[in-house]
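These notes concern the structure reproduced below.
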Amino acid sequence: MDYELEEKKTSGKKSVIIVLAIIIITVLTTVFIINRNKGNSKGPESFRGFGFSGAGQQITSVKTIRTQKTDLTDFILTNGDIETQVSVEVYPSIGGRVVQVNKTLGDYVNKGEVIAYIDPSEPGTVYAKSPVTASISGTILSSPIKTGQKVNVNSVITKIGDTKNLQIKSNIPERYISELKIGQSAEITLEAYPEVIFIAKITKISPVVDSLTRTKEIYLTFEKNDPRINAGMFAKVKLFTSTYKNCIIIAQDSIVTVNDKSYLYVVNQDCTVTKREVTLGHNVNGYYEITSGIDANEIVVTEGMLTLFDGASVSDVSGNAVMPETFGDKDKFKDFPKDKIPSEKNKKDENAPDGKKTAKDKKTAKSKD
């Protein structure tokens, strides 16, 4: 009997605990729902997801650019060797022993000037010394022969070059040869002066393609002489080929591709976006030419577009688009031209004529009265 009574008491306690648990859960659920509804009814200052939320819509922060028409210039990156335009090797007219050297490495010589003397005499015979003269005017680029050395008519006495007029010899891959033209400009950089850009132009193009390397040889000459440029230097060449005039260009990372079609997000005056299909043209160094779909002076999203959709609201951190909500009435600026929508920084008193008289101006005028 006592056992049954004890069991009834235990069962009653369990029932009370269960009822209390249900009541607590019901109260917590009600509080949660009420707070959530209050949070959703707040204005633009409340947060939700990855952006601001206002009027029940998420606002995504993005970066933008205002499009404009400009020129897009294509180029080829290659390298080359700097050399003299004119250089010759000098040989003796007769074999013998070098008995005198008048010019050495780095010396300047005029055409016809004596560089060295050769004595062709042999034991038992005596001949007059034979002069070795410069065939062109220029600088001694190499001087391999020394006094006392035996030479013949095939021995190179020295090499002379015109160091005042240098050129760059470069090889262009076969796939680019259709773009090569005499007079095309190039920017040249050297290892010795990496921050300096030298200008050169194509002066000669080989008429044939090397069958082994599949390249065509070109020569470029510098726009002006510079003592910092030496023959034998290695040159990095940025050769400009085609220029596409008056076009709109967009970074390729800003373009969204869906089913082989290209789209850009364009910001409207009410800070919503429109997903617009565009046609791509030439691609130069990570930038696309837009041939259709976008006009000049439109605001295009460049960062943050991956979470956007057609009609999504955005906040432009770049400052190209201004949110009308910032000024109270969302429809107030709906008919304004894009470049006339004011920003918070230069907001004028809406009652001032032509926007010339601000609230500060009114206060100043009142104090004077």
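Couple of notes before you dig in:
- Residue count for region 51-71, restricted to those that are modelled with pLDDT under 90 and in a loop (DSSP other than H, G, I, E, B): 2.
- Hits in region 97-123 (condition: open to solvent by 40 Å² or more (accessible area, probe 1.4 Å), assigned to a strand (DSSP E or B) and in contact (Cβ under 8 Å) with a residue 24 or more places away in the chain): ARG97, VAL99, GLN100, VAL101, TYR108
- Among the residues of this structure, SER135 does not count as one that is modelled with pLDDT of 90 or more, outside any strand (DSSP E or B), of a type in the set (Ser, Thr, Tyr) and open to solvent by 70 Å² or more (accessible area, probe 1.4 Å).
- From the list VAL258, VAL278, the lone residue that is surrounded by 17 or more Cβ atoms within 10 Å (Cβ to Cβ) and either at pLDDT below 90 or among the hydrophobic types (A, V, I, L, M, F, W, C) (or both) is VAL278.
- Residue satisfying all of: in region 218-248; in a strand (DSSP E or B), at pLDDT below 95 and not hydrophobic (A, V, I, L, M, F, W, C); farthest from TYR176 (Cα to Cα) among these: ASN246
- Unique match (being at pLDDT below 90, of a type in the set (A, V, I, L, M), surrounded by 15 or more Cβ atoms within 10 Å (Cβ to Cβ) and under 14 Å from ILE65 (Cβ atoms)) among MET323, MET305: MET305
- Scanning region 57-96 for residues that are in contact with a Pro (Cβ under 8 Å, 6 or more places away or on another chain) and either surrounded by fewer than 16 Cβ atoms within 10 Å (Cβ to Cβ) or closer than 30 Å to TYR117 by Cβ (or both) yields ILE94, GLY95, GLY96.
- Whichever residue in region 232-272 is touching a Gly at 6+ places or on another chain (Cβ under 7 Å) and among the β-branched types (Val, Ile, Thr) and, among such residues, is nearest to ILE172 (Cα to Cα): VAL237
- Residue, surrounded by the fewest Cβ atoms within 10 Å (Cβ to Cβ), within region 140-176, restricted to residues that are among the β-branched types (Val, Ile, Thr) and within 21 Å of GLN85 (Cβ to Cβ): VAL156
- The test for being open to solvent by 50 Å² or more (accessible area, probe 1.4 Å) and either touching a strand residue (DSSP E or B) at 6+ places or on another chain (Cβ under 8 Å) or modelled with pLDDT of 90 or more (or both) holds for ARG48.
- Region 177-227: number of residues that are of a type outside the set (A, V, I, L, M, F, W, C), open to solvent by less than 90 Å² (accessible area, probe 1.4 Å) and in contact (Cβ under 8 Å) with a residue 12 or more places away in the chain: 17
The values are calculated or read from the model by the stated rules, or taken from the named source; none is laboratory data. Computed from a predicted model, the values in this text were never measured in an experiment. All Cβ positions, even for glycine, are placed from backbone atoms using ideal geometry, and neighbour counts span all protein chains on display. Quick note on the areas: whole protein, heavy atoms, side chains included, nothing else; ligands and nucleic acids left out. Shrake-Rupley method; radii C 1.70, N 1.55, O 1.52, S 1.80 Å.
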